[in-house]
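One structure is given below, encoded as structure tokens.
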Amino acid sequence: MTITGPAELTEAARAFAVRRSTTPRPDVERKALLAAPRFGDVFTDHLARATWTSETGWGDRRVEPYGPLELEPSSLVLHYGQEVFEGLKAYRHPDGSVWTFRPEQNAARFAASARRLALPELPAEDFLGSIQALVAVDEAWVPDGAETSLYLRPFMVATEPTLLVRAAHRVEYLVIASPAGAYFSDALTPVSIWVAEDLHRAGPGGTGAVKTMGNYGASLASQAEAYAHGCDQVCFLDARTGANLEELGGMNVVVVRSDGSVVTPGLSGTILPGVTRDAVLTLLREAGHDVEERDVPLAEVLDGLRSGEVAEAFACGTGAVVTPIGRLAGTGFDERVGDGTAGPVTVAVREGLTDVQHGRAADPHGWMVRLV
Ligand code: COI
């Protein structure tokens, strides 16, 4: 869906009827917010949405002012968690145009998540159309500072009022947008990881490979444990053996050996197939690194950290981009990763990825899609 001309809306985007806010944030206020965005705490003036019912299918596509949702207290999602979501970003390029990164991957994963949660699939053209329609209306909210972007959060919730435990007959799809800087305090400051050994995020046959609220809700107690141990982020082990690294609370994990080879947990069905993970592994392979996707035993990583065989580790995700890991701690161990600073492989792959995303480098894979 590469859009050729500036601000050329696709037919799918034009299907979203626009009702503009009568009280948008004043220019000065918006500019102040865009000057130093954090992550996830400020929202634009509008949202995109569409409604699905089992009788009529998808309809009522619109862009409207951002504001509170009206939900019946008996809405199915509030009781049984029938929800799926996505995360992607819009980037301001040096010429002022606005682009997004591999949105068709997010659309496909959103559909896969919906199937797992017995929600209706949103057609990919509606997914892409909703994003373009919203970004076109809220274009002024796309920041232009280094490493900033407009984070887009599409999600789908079961709004049917019922306490029956079954798939809803009424569902709302929404996209909200939030100007974003680094997910953690600073893009290249290494984060510390706490390995959760008792609680698990996902199990075989569960929902670990899709993006649904329950996975994140289930991570919060362990995330709190991580904070309590002075760590920034939690890492889960697999529920079957309790031996292998799986995924962090909201991002994938990659380990770099001192010989330049790279290892990351394989897509075994219990971790999220990250779009950033896939792009990063592609870039690493192209840069000549030997990349293995397989079980990654915690014991192997700890041995490697102690012997110097493991040189670097990083977290990757849409929110986190590529964030170096400087410390790995858990019950009975606390190891520095390399010299505790961002390693050269981490820095290079982060730069390679963000240069494409921010329009500072060519895009040989055709990953970028123009929005505005
Ligand atoms: C993302 O990286 O887009 C995520 O969904 C992770 C987190 C912010 C929940």
task: Scan the range 35-48 and give yes if some residue there is within 22 Å of Lys211 (Cα to Cα) and more than 16 Å from the ligand (Cβ to nearest atom), otherwise no.
output: yes
- prompt: Do we find that Leu199 is in contact (Cβ under 8 Å) with a residue 40 or more places away in the chain and among the aliphatic types (A, V, I, L, M) in this structure?
  reply: no
message: Just the residues that are more than 16 Å from the ligand (Cβ to nearest atom) and assigned to a loop (DSSP other than H, G, I, E, B), please, taken from the range 75-96.
response: Gln82, His93, Pro94, Asp95, Gly96
task: For residues that are within 20 Å of Asn215 (Cα to Cα) and among the charged types (D, E, K, R), tally how many sit in the range 239-270.
output: 3
statement: Of all strands (runs of 3 or more DSSP E) fully inside the range 164-253, the set with 1 or more residues that are within 16 Å of the ligand (Cβ to nearest atom), more than 30 Å from Glu72 (Cα to Cα) and among the polar types (S, T, N, Q) is 233-237
- request: Starting from residues that are within 20 Å of Pro103 (Cα to Cα) and acidic (Asp, Glu), keep the ones in the range 323-372 and report whichever is farthest from the chain's Cα centre (by Cα).
  value: Asp363
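Could you list all residues from the range 320-371 that are among the charged types (D, E, K, R) and either in contact (Cβ under 8 Å) with a residue 12 or more places away in the chain or farther than 27 Å from Val142 by Cβ (or both)?
We begin by selecting, within the range 320-371, every residue among the charged types (D, E, K, R); these are 327, 334-336, 339, 350-351, 355, 360, 363, 370.
Listed by number, the residues that qualify are Arg327, Asp334, Glu335, Arg336, Asp339, Arg350, Arg360, Arg370.
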message: Whether any residue in the range 50-68 is touching a strand residue (DSSP E or B) at 6+ places or on another chain (Cβ under 6 Å), of a type in the set (A, V, I, L, M) and under 15 Å from Gly129 (Cα atoms) is what I want to check.
response: yes
- prompt: When the residues of the range 291-321 are filtered to those that are in contact with a Pro (Cβ under 8 Å, 6 or more places away or on another chain) and outside any strand (DSSP E or B), which remaining residue is farthest from Leu245 (Cα to Cα)?
  reply: Arg294
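No lab work stands behind these numbers, since they all come straight from the coordinates. Just so you know, these numbers come straight off a predicted model, no measurement behind them. Glycine also receives a Cβ, built like all others from the backbone with ideal geometry; neighbour counts cover every protein chain displayed.
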